[in-house]
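Okay, so here's the structure we're looking at.
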Amino acid sequence: MNSKVNNRFSGDGDDFDIKKLLSRFIDHWKLYAVSLAACVVLGLLFIRYSTPLYYAHAKVLVQDQDSKSGNSMFGLSSSMLQDFGSLFNVKSNVNNELAILKARDLMDKMTRENHLNILYYRKGRVRSVELYQQSPFAVTYVPLNDSITGADFDISFSNKKQGMDFSLAGESLDSSFAGEGKFGDTILTALGKICVNPTGKQFEPGYDYHFRISSIDEVVSGIAEKMSFAIDDKEASVISLTYSSNVPQKAEDILRTLIDDYISYNLNQKNQIIDSSLLFINTRIGIVVTELNKIESEIQGFKQRNNIADLSEQAKALIDNSTAYKDKLNEVEVQLNVIKSTLAYVQDEKTNSRAVPATLNPDPNFIALIQQYNSLIAIREQQALSTTDKNPILNNLDLQITAVRANIVKSLQNQQKAMEISKQRILSENTQLSSFVQSVPRQEREYIDLSRERDVKQAIYLYLLQKKEETAISRASNIASASVIESPKTEYKPYFPNKTMVLAFALILGLGLPTAFVMLKDTLNTKIREKNDITDHTNCTILAEIGHSEGAEIITSKEKIRTVVAEQFRMFRTNMDFVIGTKSCPIILLTSSITGEGKSFIAANLGHVYALSGKKVLLMELDLRKPKLSGMLGQSNSTGFSNYVISGEQVRNFIKVLPESPNVHLLSSGPVPPNAAELLMKTETSEMFAQLKELYDIIIIDAPPIGAVTDAQILAKHSDVNLYVVRQAYTFKGNLEIINDIVGTGKFSNLYIVVNDVKKGASYRYGYGYGYGYGYGYGYGYGNDESRKKNRKSKSIL
């Protein structure tokens, strides 16, 4: 019979039901509505009053090419500038250029140029608005020392003393300031000197203003955090720059200034090599001009002393014969002079960190060494921007530069020796001509020597002038190796606050908070909430479910028999018929874990429902320690079972007929005895049940809670069906272990569960909500109500 009832009235709780899960939250729809409304309103307020932030983007193309491409713009042949080509052969590497862009020096320069260390704001009711280039006043600030701490100043142009233009109040980490002043006055504060001047822009009436002074280092660090660099394509040498700011124009100006400073730096780096060559050429021209003037003066003095007007005809034959000699000797001496000058330049310690010009030496091996040396110098200058002198990379570059410089010196020395050998060879060949020259007058020989020296100096002078012009043209046509391919531009819409994301987050938060509350509430609750809380803890069958009822509603009148609760008790009665079967006068015992779970309410209404079907029902109030049934039915409890046991009278003398339900009789508990268990164990109790079975169709016993005393176990031997009452959101799940214990030990047989006080909600048809944890205890005894409440509370904590 029990298995049949179990199949009929127990549900399978193993399968997951999404509707069941949703129903738990639908019961709290008011909480969800309030939470959603509050979160959406907060989201809209956040969108309204948050400071919008914008992204500004720019792109820079780094061109890996030498300066020869720039010279071709002027139609210069490659041969004309081949000597200087090595000076610009250092190629731009996109990673090196990226490191330069990130360098703190560039950002420091950009910050100073845009005066970003002083920010101006218009104060609002909720937030202040930055006035970039729109401030009606400007502040000039001179710090008292190099260590500047941030300071905020409130400035008012309305709340001021008579004769003053503004009032000023400032505060920093370690000091404060308050005072008044006029435009153009220098105000001394703890941070430094401040001067306020109007900018010509209109002051907005009703608003006060605010400005903040920060250190350059602080501002640069802030800009670096908001600035991002990226190389979008490894195949292309393009650097993307992005900056975030609350003012679109400010973001564009920061990117624009940074790129301009970077391009200027890039161009200056190239021009430094050319300027070094120009300086060397101008120095050599000055020396050669001095020597040439000296020789010209000597020639003039020679002619004046010897009264010589024209020696050309006299020396024509000799000059014709010595033309080849002079050309060779002049060429050798020019090259030897260039080599000596270059060697002296290279060995000079003052030029160790400057590029070496290869202008005056056509030797290809020497040009290759110069190109390598200048490349190393340029790379070291770039690395020095972002590293210290102790960096291993710089030390390695210094070693390479020293080695290449030594090779240059050795090459020049070898060239000098070769030129001197060539010169000696030419002089030796000229010995033969000397015999013919001996016949020439002494004055003519001296004149020829002076003319030859003059020609050499003139050749050197003309050569230097030619190289100077070529170098000047190269400098004029020089361009930076980076160019802007996408000018700084701010996005049309701010990226923060993102309205869609904020509202989506508000909706998620509006749903998440009540969901978390419901789940947390369920998690912390240790009481029965749903059917699974019962079926997971015991295999005992759930026989009936009684809904929530306001007050102790007893089914007596015609109005009450049409209520939902009355229908549930009818279903209860039908289920009981399956359990009782054809047994005559079955005895039904109701017990529970602790007091307050509604067993007296269930007993009274079950009895009345049976009476409605024509059964003669006896309600027995055998909860001798804490009787409630008599009071619930409006009957006196002055006499009852305890009187019957000790009086020896017939039990029928103590039975009352309920006036509203003639088929329902009541045997009250009577006065509370000191030995309730002993009274129930007397033979009179067994004799009583034998007599009552002859008189009634149904006997319902309202027994004490089994979790506190043994009375229910004593009465169980007289019962045919035992009902264990649990109450939703009241009975502890841990108390269900009592059911397993009494069934497992055989103390109770034919035991079923009745669930009382089921709250109707969206989750009603799926169970009784969520249960939590374990709790035990039953506050029951003969003490006063206050002590029993304390006892219940202390035990429930366990």
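The values are calculated or read from the model by the stated rules, or taken from the named source; none is laboratory data. All figures in this text were calculated on a predicted structure; none of them were measured in a lab. Counting neighbours? That spans all protein chains shown, and the Cβs are built from the backbone with ideal geometry, glycine included. These area figures cover heavy atoms from the full protein model, side chains too; ligands, DNA and RNA do not enter into them. Shrake-Rupley method; radii C 1.70, N 1.55, O 1.52, S 1.80 Å.
Per-residue extension of 0.36 nm, minus the Cα-Cα distance of GLN272 and THR186, leaves a gain of 26.8 nm for this segment.
With the simple spin-label model, which puts each label point 7 Å out from Cα in the Cβ direction, the ASP108 to GLN63 separation comes to 3.1 nm.
Which residues among the stretch 586-610 fall inside the zone where the amide N is under 15 Å from a point 7 Å beyond the Cα of LYS717, along Cα→Cβ? In the stretch 586-610, the label zone of LYS717 (backbone N under 15 Å from the point 7 Å along Cα→Cβ) covers no residue. Taking 7 Å steps out from each Cα toward its Cβ at LYS303 and VAL41 produces label points 10.9 nm apart. Ranking of MET576, MET419 by solvent-accessible surface, largest first: MET419, MET576 (1.4 Å probe, protein heavy atoms only, all chains present). Atom-type composition of the exposed protein surface of the stretch 204-293 places 51 percent of the accessible area on carbon and sulfur (1.4 angstrom probe). Full extension of the segment from SER613 to ALA33, taken as 0.36 nm per residue of separation minus the current Cα-Cα distance, would add 204.1 nm. Centre-to-centre, using Cα atoms only, the stretch 187-202 and the stretch 585-632 are separated by 90 Å. The gain in end-to-end length when the ALA344 to GLU678 segment is fully stretched comes to 107.4 nm, 0.36 nm per residue minus the alpha carbon separation. Rolling a 1.4 angstrom probe over the protein heavy atoms with all chains in place gives the stretch 109-190 an accessible area of 59 Å² per residue. Pairs exceeding a 27 Å alpha-carbon distance, out of LYS294/LYS468; LYS30/LYS560; LYS583/LYS656; LYS19/LYS527; LYS656/LYS693: LYS30/LYS560. Across the stretch 460-477, coupling constants 3J(HN,Hα) worked out from phi with the 6.51/-1.76/1.60 Karplus curve, θ = phi - 60°, read 5, 4, 5, 5, 5, 4, 4, 5, 5, 5, 4, 5, 5, 5, 4, 5, 5, 8 Hz, and Gly and Pro carry x.
For the pair SER647 and GLU486, label points projected 7 Å from Cα toward Cβ lie 10.3 nm apart. Note on ASP217/ASN414: beta-carbon distance plugged into 1/(1 + (r/R0)^6) with R0 of 35 Å gives a FRET efficiency of 0.10.
What FRET efficiency comes out for GLU694 versus ARG127 if R0 is 60 angstrom and r is the Cβ-Cβ distance? Round to the nearest 0.05. Taking R0 as 60 Å, the efficiency between GLU694 and ARG127 is 0.10.
To the nearest 0.05, what FRET efficiency results for ASN539 and ASP577 with a Förster distance of 25 Å applied to their C-beta separation? That gives a FRET efficiency of 0.65.
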